[in-house]
Amino acid sequence: MISAESQVRIRSYESSDADETLCIFHDAIMVTASADYAPEQIMAWARPDKRDLRGWDRSMLARESYVALLGEQAAGFSDVSAEGYIDMLFVSPRFARRGVARQLLTFLELRARGMSASQLSSNVSITARPFFETLGFHVVAEQHPVTGGVVMTNFHMIKELNS
């Protein structure tokens with residue numbers, strides 16, 4: 001029997017992924033993160049009526065972005081800089097608990113090591129914090145950024161890559 005994790009395939013982001021990845025972003029915030037954030041925080045973060053597809057695509061192309069596929073369907077996406085910074089890691093609620101985020105983060109760690117990054121770092125949501133902790137990240141600081149005029153809570157987390 002093949003596990004769901006072994007069926008995850010990761011490839012570089014392409015402009016044709018813009019619509020699907022933007023939908024994943026919105027759904028992950030509006031559904032998954034809604035358990036940990038107030039409705040006004042969710043709306044300020046997701047901004048579903050204020051994001052344009054061209055701007056989203058430019059942003060994704062400007063980062064080292066990757067798409068995780070289950071079969072031929074986009075299940076999640078992420079990115080990593082040469083310094084090991086992960087700006088976004090989102091998984092569609094439809095594919096939650098299938099190993100997609102774990103596979104993405106494992107892939108990003110390998111990429112960061114290949115670029116000689118000394119650590120991985122990210123600003124992680126309340127929702128994602130336990131997941132990142134299980135993969136060796138620790139909280140450096142609790143943060144309260146203002147997004148769309150609304151105070152949010154997230155955590156700056158790092159994972160050392162010395163070994």
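So which DSSP H runs in the chain come out at 18 Å plus along the axis (Cα) with average Kyte-Doolittle of at least 0.0?
Details: long enough: 100-114 (21 Å, 0.28).
Qualifying helices: 100-114.
Report the Cα centroid-to-centroid distance between region 6-42 and region 93-163 in angstrom, as an integer. One Cα centre to the other: 15 Å.
Given Cα pairs under 8 Å that are at least 6 residues apart, what percent is the relative contact order of region 116-163? Provide the component values of the computation, followed by the final result.
Numbers: 74 pairs, mean separation 24.4, N = 48.
Reported as a whole number, the value is 51 percent.
Loop-located trypsin sites (Lys or Arg not before Pro) in region 58-104 (DSSP state not H, G, I, E or B) with no more than 15 neighbouring Cβ atoms inside 10 Å: ARG97.
How large is the dipole of region 1-125 about the Cα centre if only Lys and Arg carry +1 and Asp and Glu carry -1, each at its Cβ, rounded to the nearest 20 debye? The partial results should precede the final answer.
Numbers: 14 positive and 17 negative charges, 47 e Å.
Using Cβ point charges on Lys, Arg, Asp and Glu, region 1-125 gives about 220 debye.
Can you tell which of SER59, GLN41, SER78 lies farthest toward the positive end of the dipole of region 1-83, using +1 and -1 charges on the Cβ of basic and acidic side chains (Lys, Arg; Asp, Glu)? About the Cα centre, the residue reaching furthest to the positive side is SER59.
Rolling a 1.4 Å sphere over the protein heavy atoms, what is the accessible area per residue of region 30-163, to the nearest Å²? It would help to have the intermediate numbers written out before the result.
Numbers: 6920 Å² over 134 residues.
With all protein chains present, region 30-163 gives 52 Å² per residue.
Just the protein heavy atoms count here, and of the accessible area of region 21-86 at 1.4 Å, carbon and sulfur take up 54 percent. Average projection, convex hull of the Cα set of region 58-100: 3.5 square nanometres. Scaled against 2.2 N^0.38 Å for its residue count N, the alpha carbon radius of gyration of the chain is 1.00. Extending 7 Å from the Cα toward the beta-carbon at both ALA38 and SER16 defines two label points whose distance is 4.4 nm.
Around the Cα centre of region 5-58, unit charges on the Cβ atoms of Lys, Arg, Asp and Glu (plus for the first two, minus for the last two) sum to a dipole of about 180 debye. Loop-located GluC sites (Glu not before Pro) across region 43-92 with a Cβ neighbour count of 12 or fewer within 10 Å are GLU72, with loop assigned by DSSP. Distance between the 7 Å Cα→Cβ label points at ALA141 and LEU53: 3.8 nm.
The values are calculated or read from the model by the stated rules, or taken from the named source; none is laboratory data. Just so it is clear, the model here is predicted, and its values are computed rather than measured. Every residue, glycine among them, receives a Cβ derived from its backbone with ideal geometry; neighbour counts consider all protein chains shown. Only protein heavy atoms, including side chains, enter the accessible area calculation; ligands, DNA and RNA are left aside. Shrake-Rupley method; radii C 1.70, N 1.55, O 1.52, S 1.80 Å.
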